[in-house]
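All remarks here apply to the structure that follows.
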There are 2 protein chains.
Amino acid sequence: MYRTHNNGELRASNINQEVTLSGWTQKIRNKGFMIWLDLRDRYGLTQLIFDEERSPKEVMQTAANLGREFVIQIKGTVIERESKNPAMPTGDIEILVKELIVLNESLTPPFTIEDDTDGGEDLRMKYRYLDIRRNPVRENLIFRHKVTMAVRNYLSAKDFVEIETPYLIKSTPEGARDFVVPSRMNAGQFYALPQSPQTFKQLLMVGGMDKYFQIVKCFRDEDLRADRQPEFTQIDCEMAFVEQEDILQTFEGLTRHLLKEINGVEVGEFPRMTYDEAMYRYGNDKPDIRFGMEFGYLNEVAQHKEFNVFNNAEVVIGIAIPGGNSYTRKEIDKLIDWVKRPQIGALGMVYCRCNDDGSYKSSVDKFYDQEDLARWSEVTGAKSGDLICVLSGDTEKVRAQMSALRMEVAERLGLRKADEFAPLWVVDFPLLEWDEDTERFHAMHHPFTSPKPGQMELLKTNPGDVKANAYDLVLNGNEIGGGSIRIHDKDIQSKMFDYLGFTEEEAKAQFGFLMDAFQYGAPPHGGIAFGLDRLVSILGGQETIRDFIAFPKNNAGRDVMIDAPAPIDKEQLVELNLKLDISEE
Amino acid sequence: MYRTHNNGELRASNINQEVTLSGWTQKIRNKGFMIWLDLRDRYGLTQLIFDEERSPKEVMQTAANLGREFVIQIKGTVIERESKNPAMPTGDIEILVKELIVLNESLTPPFTIEDDTDGGEDLRMKYRYLDIRRNPVRENLIFRHKVTMAVRNYLSAKDFVEIETPYLIKSTPEGARDFVVPSRMNAGQFYALPQSPQTFKQLLMVGGMDKYFQIVKCFRDEDLRADRQPEFTQIDCEMAFVEQEDILQTFEGLTRHLLKEINGVEVGEFPRMTYDEAMYRYGNDKPDIRFGMEFGYLNEVAQHKEFNVFNNAEVVIGIAIPGGNSYTRKEIDKLIDWVKRPQIGALGMVYCRCNDDGSYKSSVDKFYDQEDLARWSEVTGAKSGDLICVLSGDTEKVRAQMSALRMEVAERLGLRKADEFAPLWVVDFPLLEWDEDTERFHAMHHPFTSPKPGQMELLKTNPGDVKANAYDLVLNGNEIGGGSIRIHDKDIQSKMFDYLGFTEEEAKAQFGFLMDAFQYGAPPHGGIAFGLDRLVSILGGQETIRDFIAFPKNNAGRDVMIDAPAPIDKEQLVELNLKLDISEE
């Protein structure tokens, strides 16, 4: 037996016990006649003491030669520490070592195994197995496990059944790119890895399974953006015989349970907002409502003077930065530079200081008098001491720019508090969105999403106005889940495919099995999917999903630890009936 | 709201309540003035009654036109049934229907949605979503969910952490064939789907995670045999700072918990048997010990006469079929034909009847007298009324043949009882097995398995005799789990790779990251993996894993429902830098 206790376990009550411990050497202080060593494992640290007078000679010698991250096993007696460490759960005791076995040596690790390590991200990714020894990474992985257990137990208690759907499925050109898997046994044919189990969960509803969930890996071959992974995990859910309200209630319940169970935070009924309202008030379909700075539409109070920048704009939008009047001119100029960065793309920014004496001082005083500016302050809700920032132009662009500015300022002001949780349902999403490239409407959610009752007619006349039974759950400015009530009528589904530009053959080839299934008594159904990586990182008070994934890939989709992807043997290609087709340039 | 109750819920105590129910029409009896309909959902059946005198006219008309598997919603009053059905949980009541909405119609399903359906396997697979509506299939899927929840909660309570390992990894030619995934962003390179998370779980041990598990899909591109799936699910587990005994105790605990929690069966300490003993007594490394018929080695008592078939044989093995003396000559001939089938391959079978009067009658009476046969009966443990069956020849072949005969006879005699559970640890597996094709030894388990202490030396002289710290958990004649204590010393691991014929470059290219990791303080570790599909089917009292998978593939690796695999678009191939290479024949 390698250990009788773990390294986070021993207390004063264990004093005088003989124990066996194993772990890694964390810190060694060698005074010659006395050696102290912190022994580490997943559960904590225990201080070992090797003493010339009380430990055997050969034990002292071996101990003197131990290096960082050696794996050792010791036997010894639990004794009371002379100088107790109240910051350490095992700080009342130490182990007087009598036997010492080196289970494995270690090279000096390429970075320190400490909470604040000296290793950069690339190095830590290459040696991820050493990174995982560090408390923050280990705690994140354990945290993720706790969240998934809580999800599973909650849903299971509510009669949901976790059902595994297949990973080797069929490629569908709809949506993002599929990863494909050549079939050796069926020459020239390919499986695809699922982007989500969407069609399978709908088939389970046709199959009467009623309440389904699955915590499942999904795959998207996208050009990676920062903090996106080619493989990611979803909490995938579907229910039959439900309306939108049933789904919102059920998964509001789950989210509330997680906030309470995991974070100890009690949250009341979640507020709801339509997509249109969210875009209007925050310029964003996933607004962070932990803080204000809502949009003030200044058109009426800013387009009546000679300032043509505003007069020619579709919208003039202002927000009030709390306490922003304390910014120096230089700081404001920096903010203006920030909105003018190509990633944001504003042409300029107008501002107005709200002085403590009730007066205003704006960058456009030439055009606007105190009365005008007072009305700006009214519309944006600015108070004395605030700074009003104003952007103008085309609605869609200005909303996006102002939304970015709002988030940036909130971040700088520390308004995005990791331990404050503000969930929000955003409902009534548009059914379709215009795609500039193909110059046609595409399904915003996916082609199985049902339009709001009675809006099918609008498809012909005002397609962009059709609203869907689609909803997102937003937490602290992040979309953590999204879903919809599905179409369960095969005629409406055909019409939808037709509208989205699928020929009958294409629809049949790609979704024929679903259309077939809908002929045999499909119940009304709908669902939701949560991005687990994102959900866990937000509950964990962070926003980088990579920190909550054991073995993440980098931004180029590579696993730098195992060095994948990699070339494969020629024979493998031959067996798969494939040839590489790489032009030499 | 589509329903106030589900269809398995209403009882006499609900009488007089107004309820809303939804579901599928299961059975309709139309007497004209009165229509009875069984409404079905996942939870059960509820009888609806439509009555000319008490239901609205239009409801009667709509009800008269309902077909099988229509999806309907009704409102009505719970009333007491005149003729109660005690076999049905809702059998005390029925619903007098006042409102009826047809939510969806259905074509006549291609097979009946009944426990005993008229649909063949192929048809049911093509319409799996309808098959799932049948009680047996649905119950199997719910059963699987219960098992996985029990596994997760048990391991989680024992401090195990479920950690997701990646699906897009690196191809290794060792073992079975990998499925590969071409990388669009890295031309000419491929990911591979994991055959198991073996190396990742070992890296987690190096990372100090200590107690890991994961219920995870694994992939093997094998030529499929009956009841094998290209994707399958494993309960994958690994522990650090453990010896074999710790692992056996931990997972014996898990299995005992499952048998109790899921099957209500209390099982004591699991018996253990070495691989050599299992092969000796049962001719099989996964013996079904629910019944006897152990091998009797008859060499000493059958090789002393003129019968050269036995005299020239390496082994002469007999088993006693309980009550087998009741077999007619014709039945025995059939058994002989059975062992002579090419799949079994015996050249013949000698038998000996044990008569009730204590006398014997054998097919080789010419050579053996009553005293000889009495000794056969002693060695095989045969009693009056039994039939001794004897096979002879080369040890390995005869053991395999006799093992097959033993299982076949037990099956016919009903000794393989689905509700009886006999777990067994088989330990001390050989480290290596001889491969006829490559004419060299291969790792029997995998190249990370550690030899028994002190046996490394034997590798040079008697490689076939080296035993490993490897173990299988056998349940009712099926291997449900297998694992080993791993090598954690990089020098021993190098030696092992070298012995198994890996060049240094190959070992580095394929397992370099693991060898690297082992340089930084790898702890002693080991683990086990359970085949979840198999485990669930055995706990469920069945042996066909396909019945416990929602969307299984057929023996050609095809999903006949969605028709996958399938060709992909030319543009997809171009993006992946691939060309098909199919010879036209």
Review point. Using alpha carbon centroids, what distance separates region B:361-437 and region B:452-479, in Å?
Key: 24
**Study point:** Förster-model FRET efficiency, 56 Å R0, A:Glu408 and A:Lys508, C-beta, rounded to 0.05
**Key:** 0.70
Check your understanding: What nm distance separates the two modelled labels at A:Val574 and A:Lys31, each placed 7 Å from Cα along Cα→Cβ?
Key -> 7.0
Revision key, fill the gap. Buried accessible area between A and B, both sides, 1.4 Å probe, in Å² rounded to 100, is 11000
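Once the Cβ-Cβ distance between A:Ile79 and B:Ser83 is put in as r, and R0 is 56 Å, what FRET efficiency do you end up with, to the nearest 0.05?
So the FRET efficiency works out to roughly 0.10.
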Check your understanding: Among bridges DSSP assigns within chain B, what percent are antiparallel (round to 5)?
Key -> 95
**Study point:** Cross-link table A:Lys570/B:Lys467; B:Lys31/B:Lys75; A:Lys31/A:Lys98; B:Lys334/B:Lys397; A:Lys146/B:Lys201, entries beyond 25 Å C-alpha to C-alpha
**Key:** A:Lys570/B:Lys467
Review point. If ligands, DNA and RNA are left out, what is the accessible area of A:Asp118 with a 1.4 Å probe, given in Å² to the nearest 10?
Key: 110
Check your understanding: Within a Cβ distance under 11 Å of A:Lys75, other residues only, what is the Lys/Arg minus Asp/Glu net charge?
Key -> 0
Review point. Restricting attention to region A:43-93, which GluC sites (Glu not before Pro) occupy a DSSP loop and are surrounded by at most 10 other Cβ atoms within 10 Å?
Key: A:Glu53, A:Glu82
Practice item. Could you compute the FRET efficiency for B:Lys330 and B:Lys383, with r as their C-beta to C-beta distance and R0 at 22 Å, rounded to 0.05? Key: 0.40
Exercise for review: Can you find, among A:Gly292, A:Gly477, A:Leu532, the residue farthest towards the positive end of the dipole of chain A? Put +1 on the C-beta of Lys and Arg, -1 on that of Asp and Glu.
Suggested key: A:Leu532
Practice item. Towards the positive end of the charge dipole of region A:12-104, with charges on Cβ (+1 Lys, Arg; -1 Asp, Glu), say which of A:Trp24, A:Ile49, A:Ser83 has the farthest Cα. Key: A:Trp24
Point to revise | Nearest-20 debye value, region B:12-104 charge dipole, Cβ charges on Lys, Arg, Asp, Glu | key: 240
**Study point:** Tensor-based shape of region B:387-436 (alpha-carbon gyration tensor, a/c under 1.5 rounded, otherwise prolate or oblate)
**Key:** oblate
Check your understanding: How many nanometers, to one decimal and shortest first, lie between the label point of B:Gly292 and those of its other copies, if labels sit 7 Å from Cα toward Cβ?
Key -> 8.8
Exercise for review: With +1 on each Lys and Arg Cβ and -1 on each Asp and Glu Cβ, and nothing else charged, work out how big the dipole of region A:291-415 is about its Cα centre, in Debye to the nearest 20.
Suggested key: 420
**Study point:** Carbon and sulfur %, accessible surface of the protein assembly as shown computed with the full protein complex present, 1.4 Å
**Key:** 46
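Would you mind working out the accessible area per residue for the protein assembly as shown, using a 1.4 Å probe, and quoting it in Å²?
42
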Check your understanding: Pulled fully out, how much extra length does the chain show between B:Lys452 and B:Glu53, if you take 0.36 nm times their separation in residues and subtract their Cα-Cα distance?
Key -> 135.4 nm
**Study point:** Lys, Arg +1 and Asp, Glu -1 on Cβ, resulting dipole of the protein assembly as shown about Cα centre, debye, nearest 20
**Key:** 1440
Study note, to complete from the structure: So, over other residues within a Cβ distance under 11 Å of A:Met125, counting Lys, Arg +1 and Asp, Glu -1, the net charge is +2
Study note, to complete from the structure: Each label sits 7 Å from Cα toward the beta-carbon; between A:Lys366 and B:Thr395 the label points are separated, in nm, by 10.3
Revision key, fill the gap. Here the correct list, in nm and shortest first, of distances from A:Leu500 to the same site in the other copies, label points 7 Å along Cα→Cβ, is 4.6
**Study point:** Global form of region B:27-163, assessed from the alpha-carbon gyration tensor, a/c cut-off 1.5
**Key:** prolate
Check your understanding: Can you give the convex hull volume of the alpha carbon atoms of region B:291-415 per residue, in Å³?
Key -> 92
Revision key, fill the gap. For the pair B:Ser359 and B:Asp437, the simple spin-label estimate (label points 7 Å beyond Cα toward Cβ) gives in nm 5.5
Review point. According to the square roots a ≥ b ≥ c of the eigenvalues of the Cα gyration tensor, what is the shape class of region A:273-335, taking rounded for a/c under 1.5, prolate for a/b larger than b/c otherwise, and oblate for the remainder?
Key: oblate
Practice item. Among A:Phe143, B:Trp376, B:Pro109, pick out the residue whose Cα is farthest towards the positive end of the charge dipole of the protein assembly as shown, where Lys and Arg carry +1 and Asp and Glu carry -1 on C-beta, about the Cα centre. Key: A:Phe143
Review point. Out of every Cα pair in the protein assembly as shown, what percent are spaced more than 63 Å from each other?
Key: 20
Point to revise | Relative contact order %, region B:291-415, counting alpha carbon pairs below 8 Å whose residues are six or more apart | key: 36
Revision key, fill the gap. Neighbours of A:Met239 by Cβ distance under 13 Å: Lys/Arg at +1, Asp/Glu at -1, summed charge -2
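Evaluated at 4 °C with a viscosity of 1.567 mPa s, what Stokes-Einstein diffusion coefficient in µm²/s does region A:12-104 have when Rh comes from the Kirkwood expression over alpha-carbon pairs?
The calculation lands on 100 µm²/s.
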Practice item. Taking each label point as 7 Å beyond Cα in the direction of the beta carbon, state the distances from B:Glu543 to the same residue in the other copies, shortest first, in nm. Key: 5.8
Review point. Do any trypsin sites (Lys or Arg not before Pro) in region A:1-107 lie in a DSSP loop with no more than 10 other beta carbon atoms within 10 Å, and if so, which?
Key: A:Lys31
Study note, to complete from the structure: Whole-Å distance linking the alpha carbon centroid of region A:332-360 with that of region A:114-187 is 42
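The values are calculated or read from the model by the stated rules, or taken from the named source; none is laboratory data. Not measured: the values here are computed from a predicted model. Using ideal geometry, Cβ is built from the backbone for each residue, glycine included, and neighbour counts are taken over all protein chains shown. These accessible areas exclude ligands, DNA and RNA; they are computed on the full protein's heavy atoms, side chains included. Shrake-Rupley method; radii C 1.70, N 1.55, O 1.52, S 1.80 Å.
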